[in-house]
Each structure stands twice: as structure tokens, then as C-alpha cells.
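Following: one structure in C-alpha cells, then a few remarks.
Where a number appears in this text, it was derived from the coordinates with a stated rule and is not lab data. Keep in mind that what you see is a predicted model, and the values were worked out from it rather than measured. Positions of Cβ are backbone-derived with ideal geometry, glycine not excepted, and every protein chain shown enters the neighbour counts.
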Amino acid sequence: MKLTREEVQHISQLCRVGMTEQDIARFQGQLSAILEAFEVLKEVDTASVPPTAHALALQNVLRDDTVTESLPREDVLANAPQEEMGCFRVRAILEE
């Protein structure tokens, strides 16, 4: 599949990449060669291959939730850089 100069320009605009005339000519050939390589895949018989969302079977590896006792507040705040009224004190990051 041979790309036109206009198609390469359109692709560069979509990618927000500025190209010179020299770049357009070079990428026209390179992108066309890539698309021609993918044309070979149209010849592969995939009739017996079931559609999949992922190449490998995925399995959830998370453990079940269990209810446990919370840590005491003093232990949680022991290594806090700053503490105020039993809570972590952090620098404000949003403007008012």
C-alpha cells in the first residue's frame, strides 16, 4: 500500500510532529514499506483461530480480603515527618 504525500502530512499532523519536505518524502517510503509488510498477514488463514482479547489466558492473582485489627494510631504516626491533632500534616498542594 503506497501512501501519498498528503496522507503522510495528515499522519504528522495527528502526531503533532512537524516535518520538512525531505522528512515527508523519507517517511512516505518508510511507512509505505511497513504497510506493505503487513499486507502479507492478509494471506494467513485465521478461520480456525478463535477471537481473543489477549494472547494468553489471564488469571486474577489477588488474594481474598480479610478483616484484621487496625494499627494503633501512635504506631502509624511514629514515622510521620509532621503530625497534627492525631493526623498526618502535609503541605498544601492546591491553591485556594
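Laid out as a table, the results:
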read-out	value
Check on SER32, polar (S, T, N, Q) and over 27 Å from GLN9 (Cβ atoms)	no
Tally, over region 60-91, of residues that are assigned to a loop (DSSP other than H, G, I, E, B) and either surrounded by fewer than 10 Cβ atoms within 10 Å (Cβ to Cβ) or touching a residue at least 24 places away in the same chain (Cβ under 8 Å) (or both)	17
Given (1) outside any helix (DSSP H, G or I); (2) surrounded by 10 or more Cβ atoms within 10 Å (Cβ to Cβ); (3) not basic (Lys, Arg), number of the condition VAL49 does not satisfy	(2)
Counted residues, region 42-96 - those being within 30 Å of MET1 (Cα to Cα) and among the charged types (D, E, K, R)	3
Some residue of region 16-23 being touching a residue at least 12 places away in the same chain (Cβ under 8 Å) and either of a type in the set (Phe, Trp, Tyr) or not in a strand (DSSP E or B) (or both)	no
Residues within region 9-20 that are surrounded by 10 or more Cβ atoms within 10 Å (Cβ to Cβ), over 12 Å from LEU31 (Cα atoms) and of a type in the set (Gly, Ala, Ser), tallied	0
Filter result for the condition that a residue is surrounded by 11 or more Cβ atoms within 10 Å (Cβ to Cβ), outside any loop (DSSP other than H, G, I, E, B) and of a type in the set (Asp, Glu), over GLU6, GLU36	GLU36
